[in-house]
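**Student:** The structure follows.
Throughout, read-outs are computed from the coordinates displayed, never taken from laboratory work. Fair warning: this is a prediction, and the values are worked out from it, not measured in the lab. No Cβ is skipped: glycine too gets one built from the backbone with ideal geometry, and neighbour counts run over all protein chains shown.
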Amino acid sequence: MTPIERTVDVLNRWCGENAVNHTDEKLEDLWNRTKPTGKPSHNAIDFWEQGAEDLFDRLIAEFKKDPARNLNFDHTDLNPTGGGIITADDLFKAVLQSPEVTTGVTLSKASHAALVKDITAALSASPKKVGEKKATARKRGQ
């Protein structure tokens, strides 16, 4: 699933129905429009601040799963009177601008060459044979 599809799924679970039908709708309006659903009803909860915190917590949980993203905004950005994320489209943009979590390590060419050199040197070093260790131990004991 794309990050947008995942965000739509989170929004739909958050408001209790498949309600995201246009991206220019304000998140607060979406919340209020779906209040009396009777599903996991949020009738007694205002969008700001509890509803916004709940949405943000759900987004965090979703984007901890692979492919993960480090969301670079918080619930205060959803504040309808001063935040930068007002509409569903704003939320999609914010999620897409959040960096993906990388699971591998990328080395520069120089670092890779140095690592290969160190490993090669370690493997080519002549270790003591097991018999040599025993003979050395016997000499010390005499």
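**Student:** Taking the mean number of other Cβ atoms within 10 Å as a proxy for protection, how do you rank 80-92, 61-73 from highest to lowest?
**Tutor:** On the way: 80-92: 16.9, 61-73: 14.3.
Those peptides, ordered most packed to least, come out 80-92, 61-73.
**Student:** Mind checking which of I45, A61, I86 is farthest towards the positive end of segment 3-97's charge dipole, using Cβ charges of +1 (Lys, Arg) and -1 (Asp, Glu) about the Cα centre?
**Tutor:** Sorting the options by dipole projection puts first A61.
**Student:** Calculate the spin-label point distance for E5 paired with T103, positioning each point 7 Å from the Cα along the beta-carbon direction, and give it in nanometres.
**Tutor:** Taking the two extended label points, one gets 1.8 nm.
**Student:** A follow-up question, please. Considering amide H positions built from the backbone, and no H for Pro or chain starts, which residues 5 or more places from T87, or on another chain, come under 5 Å of its amide H?
**Tutor:** Hits under the 5 Å cutoff: L27.
**Student:** Step through the residues of segment 45-53 one at a time and calculate ³J(HN,Hα) from phi using the Karplus curve (6.51 cos²θ - 1.76 cosθ + 1.60, θ = phi - 60°), rounding each to whole Hz and writing x for Gly and Pro.
**Tutor:** So the J values, rounded to whole Hz, are 10, 6, 4, 9, 10, 5, x, 5, 4.
**Student:** Now for a different question. Pop out the ³J(HN,Hα) list for segment 72-80 in order, Karplus 6.51 cos²θ - 1.76 cosθ + 1.60 with θ = phi - 60°, rounded to Hz; leave Gly and Pro as x.
**Tutor:** 9, 8, 9, 5, 5, 5, 8, 4, x
**Student:** Sticking with this one: Report, by chain and number, residues whose modeled amide H sits under 5 Å from the one on H42, excluding near sequence neighbours (fewer than 5 apart, same chain).
**Tutor:** Those qualifying (amide H under 5 Å, at least 5 residues apart or on another chain) are T37.
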